[in-house]
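S.K.: Submitted below is the structure of interest, expressed as structure tokens.
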């Protein structure tokens, strides 16, 4: 979505990992939030399946979201967009929210008008628990498509998620992170701390912290993923929305596990303002710092998702430089990590650069146009070893194969056509992915 | 490629399988050709790897081609396009050819200027064997990317492929069909016979017969596939080109095995005119009949490819009706058969229609635009059993699962938005696909 307007603001859209704030893979709770998760019985397994992320104060906080582009978008996607449209001024991309409620185990997608009514009832129940209007509740769900939400169980589960019962400590956020998961094998969270100015002129620490679920049905332009990012910085909804779109375009939109785009993809960003810093205005150095922290957190979450891809044994990172423009560089990076043949080659630790070259050549931008590249200017390296440079290069295949045993396999391409750069993340394709997904609902 | 102009000629572009000429899965040789294949030593396995399809008469015949859209297109693709451009009048889409030479085992892709020189030498050697100008030789190759063609072995192999040594019988075409294969597990051929008028007013039988290779690195907009279609009908190069584009748009462009688009995809159509029928003019009933026969042959070949997809245990056919336009219908059909989650669900005989709905909703047309569809008008059936119709339907999941054991699993969608229809073909994703492609070059 940020792709088409990307060229005009190229420098700020390319995340240079070296210049992003440091991130820790832990859920460090920003001030002004209380979170938690419980097992209410949506999942037959009895694992946690209901998560709440609530603003501690009485007032709703500024919030922004990006949603799946899938035409079969699920009931919670429609309802959250409606709520943001009712409380904000940009048609559903940002507004005000008191809390986010996530249900896992049931996607509430393709459930017809009955599913829409279920989701509205869930928001009413959550509003009652959080002590706010239903329009100040944002919802997301993940799980099987075509099944109905068990309203009685959600209602009972919400008793344990009233704000007074929620934890403002890190373990509340960790608990919520666990409750949004489905096939994830490990908890995914990331936090960054930056300094922003306060009204009194002093500098204060601001935390940006996110959690995410989703390791299958994952593809650029949002994946089957739900991410909730919280910050104690202060910013207006439209400011958050601009920063979120830019961060998502560089991170979650460049993530693929299996090429499937879900009906339920959602990223929420909520800013409590509880750090006491000055409201961040668009286009200022403070906005750049907050945006960089947000990008760093989203990038870390996306990498954790790819590394935990269903059946994956390694994270695949593709870095592209020399693109004619940002859309080209992003398209090539996405296409390489999405290629079944690249994914199986990495699984077999096979330095088959020809598959990388073929995938790059087949890349299409989101506007459907082919990418500017060709064999005469292309350069490819695998795990830091040059393998192609306008023609096949001599290299030690056994050494590359050994290097590919690492938990992260880095594929680098120089298109030789300009100065745009991009990254994308995916994982290898294994027999285990096939087994896991052949047996999912049976 | 036929996609963007497709809407204007919707009726003729939608192949109604019931109205296409009957096809037999055998290589019935059209008059005026001699074909054969040998093992010249490109493949280390010693299997056949050099195939010739030669026009029997002294004069070159009208020919047309479609090529991969991959930006890393291989040397034979560039050379064939040059030769058609030199002998025809539409810049490389059609012209005149005496014969087609296919090498298998080496793609001659990403081999730099040395690879281009190799390919030109192969064309000169073939011209000498066929007794024609190099510009009247069309070439295609398939196999590993980044390796060089062994010119001495190709040269020696061509001694057995001079026209006098080639067979004008069906076994010559079968022999050539075998020699173009790589990972295919069985020979793929299709033939149709139609009646066309002769100059003396009588009606004569005309044969359209094709062979194809390619069961991996297969995706719409041409796959890693090489198809050679021969006919003894008479038609000008530009007429052949128009008919071929239309047939490929409805068939090979709707085929996917693994989402990867190759550097070497090529479809050749050569018309000997040896049946003695009147030259087919564009826009006439004769052109419609020849086009239908061509579409029927290409459709049969595409279905044989999908059924033989690497690791596949079943052919997946997706039929879409009710599309707002042809581009929408084709996009949905392609996206459903390309979905990893649909493919693994079919592998597990899991009637998981939610994955079909999610894939349909994520479909993008070739111009990058989303498709017009939504949960309220969508209908889905699996193996003839309705499973979704604006809301989940009650159905016997065990019965659908049993029906999915068939060698062909048919998924039907009605988008409820118009009258456009399309088909696409793919196959299930199995552990065997992963094994086969993790161990390809090691």
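S.K.: Between the label point of residue B:200 and that of the same position in each other copy, find the distances and list them shortest first in nm, with every label point placed 7 Å from Cα along the Cα-to-C-beta direction.
M.R.: Once sorted, the set of distances for residue B:200 reads 10.9 nm.
S.K.: If you put a point 7 Å past Cα along the Cβ direction, how far is that point for residue B:131 from the same point in each other copy, in nm, smallest first?
M.R.: Taking the point 7 Å beyond Cα along Cα→Cβ, the inter-copy spacings are 9.8 nm.
S.K.: What ranking do A:54, A:229 get, fewest neighbouring Cβ atoms within 10 angstrom at the top?
M.R.: Final ranking by Cβ density, sparse to dense: A:229, A:54.
S.K.: If you take every DSSP beta bridge whose two residues both sit in the stretch A:315-438, what share of them, in percent to the nearest 5, is antiparallel? Display every interim value, and only then the final one.
M.R.: Working: 17 of 24 bridges.
The answer is about 70 percent antiparallel.
S.K.: Give me B:300, B:191 ranked fewest to most by other Cβ atoms within 10 Å of their Cβ, as a rough exposure proxy.
M.R.: Final ranking by Cβ density, sparse to dense: B:300, B:191.
S.K.: If you wrap the stretch A:124-197's Cα atoms in a convex hull and average its projection over all directions, what's the area in nm²?
M.R.: Over every viewing direction, the Cα hull of the stretch A:124-197 projects on average to 7.4 nm².
S.K.: If you don't mind, another one. For the stretch A:284-304 and the stretch A:175-202, what is the separation of their Cα centres, given in Å?
M.R.: So the two Cα centres are separated by 11 Å.
S.K.: Which number comes out as Rg/Rh for the stretch B:230-348 once both Rg and the Kirkwood Rh are worked out on C-alpha atoms?
M.R.: So for the stretch B:230-348, dividing Rg by the Kirkwood Rh gives 1.04.
S.K.: Only Cα pairs within less than 10 Å get springs; with that Gaussian network setup on chain A, which residue of A:117, A:324, A:235 has the largest fluctuation?
M.R.: Greatest mean-square fluctuation among the candidates belongs to A:117.
S.K.: At 222 nm, what helix-only mean residue ellipticity would chain B give, in deg cm²/dmol to the nearest 500, using -39500 (n - 2.57) for each DSSP H run of four or more?
M.R.: About -9500 deg cm²/dmol.
S.K.: Same structure, new question: Please provide three numbers in whole Å: the alpha-carbon extents of the protein assembly as shown along the principal axes, with the largest listed first.
M.R.: Projected onto the principal axes, the Cα atoms of the protein assembly as shown cover 93, 57, 41 Å.
S.K.: Take every DSSP beta bridge with both residues inside the stretch A:201-351 and express the antiparallel ones as a percent of the total, to the nearest 5.
M.R.: 45
S.K.: Please compute P(r) over all alpha-carbon pairs of the stretch B:151-310, binned at 5 Å starting from zero, and give each bin as a whole-number percent.
M.R.: Each 5 Å bin holds this share of Cα pairs: 2, 9, 17, 20, 17, 15, 12, 6, 2, 1, 0.
S.K.: Counting every Cα pair in the stretch B:363-408, what percent are over 13 Å apart?
M.R.: 63
S.K.: Give the order of A:408, B:246 when sorted by the count of other beta carbons within 10 angstrom, beginning with the fewest.
M.R.: A:408, B:246
S.K.: Separate question: Nearest 10 degrees, 0 to 90: what angle lies between the long axis of helix A:75-87 and the longest principal axis of chain A (Cα atoms)?
M.R.: It works out to around 70 degrees.
S.K.: Note the angle between two axes, namely the Cα long axis of helix B:326-338 and the longest principal axis of the Cα atoms of chain B, as a number of degrees from 0 to 90, rounded to the nearest 10.
M.R.: 90
S.K.: Related question: Tell me the Rg and the Dmax, in Å, that the Cα atoms of the stretch B:315-438 produce.
M.R.: Rg and Dmax of the stretch B:315-438, Cα atoms, are 13.9, 43 Å.
S.K.: Still on this structure: Could you tell me, in Å, what Rg and Dmax come out for the Cα atoms of the stretch B:138-241?
M.R.: So, for the stretch B:138-241, Rg and Dmax equal 16.8, 54 Å respectively.
S.K.: Taking only the alpha carbons of the stretch A:390-442, what extent do you get along each of the three principal axes, in Å, biggest first?
M.R.: 49, 31, 20
S.K.: Right, something else. Could you give me the percent of Cα pairs per 5 Å distance bin for the stretch A:61-123, shortest bin first, beginning at zero and ending with the bin that holds the maximum distance?
M.R.: Distribution as computed: 4, 17, 28, 26, 18, 7, 1 percent.
S.K.: Quick one: work out the % antiparallel among DSSP beta bridges in chain B, nearest 5. Walk me through the numbers on the way to the answer.
M.R.: On the way: 55 of 78 bridges.
That works out to approximately 70 percent antiparallel.
S.K.: Taking the alpha-carbon set of chain B, what are its Rg and Dmax in Å?
M.R.: Cα radius of gyration and Dmax of chain B are 21.5, 67 Å respectively.
S.K.: Can I ask one more? Using Cα pairs under 8 angstrom and six or more residues apart, how large is the relative contact order of the stretch A:306-442, in percent? Walk me through the intermediate numbers first.
M.R.: On the way: 299 pairs, mean separation 60.8, N = 137.
Relative contact order comes out at 44 percent.
S.K.: Strictly greater than 18 Å: what percent of every Cα pair in the stretch A:32-79 meets that?
M.R.: Value for the stretch A:32-79 (Cα pairs over 18 Å): 57 percent.
S.K.: What is the angle, in °, between the Cα long axis of helix A:285-307 and the longest principal axis of the Cα atoms in chain A? Nearest 10 is fine, range 0 to 90.
M.R.: Result, in degrees: 70.
S.K.: Between residue A:28 and the same site in the other copies, what are the distances in nm, shortest first, taking label points 7 Å from Cα along the C-beta direction?
M.R.: Output for residue A:28: 7.6 nm, nearest copy listed first.
Here, each number is a calculation from the coordinates, and none is a lab measurement. This is a predicted model, so every value here is computed, not measured. As a convention, Cβ positions derive from the backbone with ideal geometry for all residues, glycine included, and neighbour counts pool all protein chains shown.
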